[in-house]
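Below: the structure, in structure tokens.
Derivation of every value follows stated rules applied to the coordinates shown; laboratory data play no part. Keep in mind the model is a prediction, meaning the values are calculated, not measured. No Cβ is skipped: glycine too gets one built from the backbone with ideal geometry, and neighbour counts run over all protein chains shown.
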Amino acid sequence: MHFTRARDLALAGLVAAGVVYVLVSSFYGDLPPIPRFAGVTLLVLAVIEGVLGASLRSRIRNPDAARPIQPLTAARAVALAKASSLLGAIMLGAWLAMLGYVLPRRAELAAAAVDTRGAIIGVGCSVVLIAAALYLEWCCRTPDDQDDQPPEYRSGATG
């Protein structure tokens, strides 16, 4: 299993931004107002993942000090982190598309002025979720993880 790559997250965010921008520009008048704190659910998930990451990191780095981590538990945490970082990237793209549509129109449309606040909060919460997910994924690495070593030392290859 490979750790999450920035290009994968960027691609997902760009695709989501494009799709959402087209949809919003076509149907903005038919959409309900964006609740101000619509993106906060992403923040709650980010906090949970941050706490889980800190706990797992201390247990992986110091296996004698606490109960050791079962490999399946670490794999599940990595799967959660990968899914959350992808969700965060998609939601970041969606919130940025919404913000890109409403921000220039906030002076002429009262609804756009109200929706701007919710979109800004959504963007911030999405960024925090991506950071927390990548932190959780990083915390699940073992101290002797081969990804952290130079290529000549991987898999015992020398010379």
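Considering every residue within the range 65-74, establish whether at least one is within 30 Å of ILE120 (Cβ to Cβ) and hydroxyl-bearing (Ser, Thr, Tyr). Scanning the range 65-74, I find no residue that is within 30 Å of ILE120 (Cβ to Cβ) and hydroxyl-bearing (Ser, Thr, Tyr), so the answer is no.
Within the range 41-64, if we keep just the residues that are of a type outside the set (A, V, I, L, M, F, W, C) and under 12 Å from ALA133 (Cα atoms), the residue that is surrounded by the most Cβ atoms within 10 Å (Cβ to Cβ) turns out to be GLU49. Scanning the range 2-24 for residues that are assigned to a helix (DSSP H, G or I) and among the charged types (D, E, K, R) returns ARG7, ASP8.
For the range 138-147, check the following and say yes or no: at least one residue is under 9 Å from the mean Cα position of the chain (by Cα) and either buried (at least 19 other Cβ atoms within 10 Å of the Cβ) or hydroxyl-bearing (Ser, Thr, Tyr) (or both). For the range 138-147, residues under 9 Å from the mean Cα position of the chain (by Cα) and either buried (at least 19 other Cβ atoms within 10 Å of the Cβ) or hydroxyl-bearing (Ser, Thr, Tyr) (or both): absent.
Take the residues in the range 25-66 that are polar (S, T, N, Q) and either within 18 Å of the chain's Cα centre (by Cα) or in a loop (DSSP other than H, G, I, E, B) (or both); name whichever of them is farthest from LEU96 (Cα to Cα). Restricting to residues being polar (S, T, N, Q) and either within 18 Å of the chain's Cα centre (by Cα) or in a loop (DSSP other than H, G, I, E, B) (or both), the top hit is ASN62. Taken over the range 98-118, the residue count meeting the criterion of being touching a Phe, Trp or Tyr at 6+ places or on another chain (Cβ under 7 Å) and closer than 17 Å to ASP30 by Cα is 1. The set of residues from the range 28-40 being of a type in the set (A, V, I, L, M, F, W, C), more than 13 Å from LEU129 (Cβ to Cβ) and touching a residue at least 24 places away in the same chain (Cβ under 8 Å) comprises ILE34, PHE37, ALA38.
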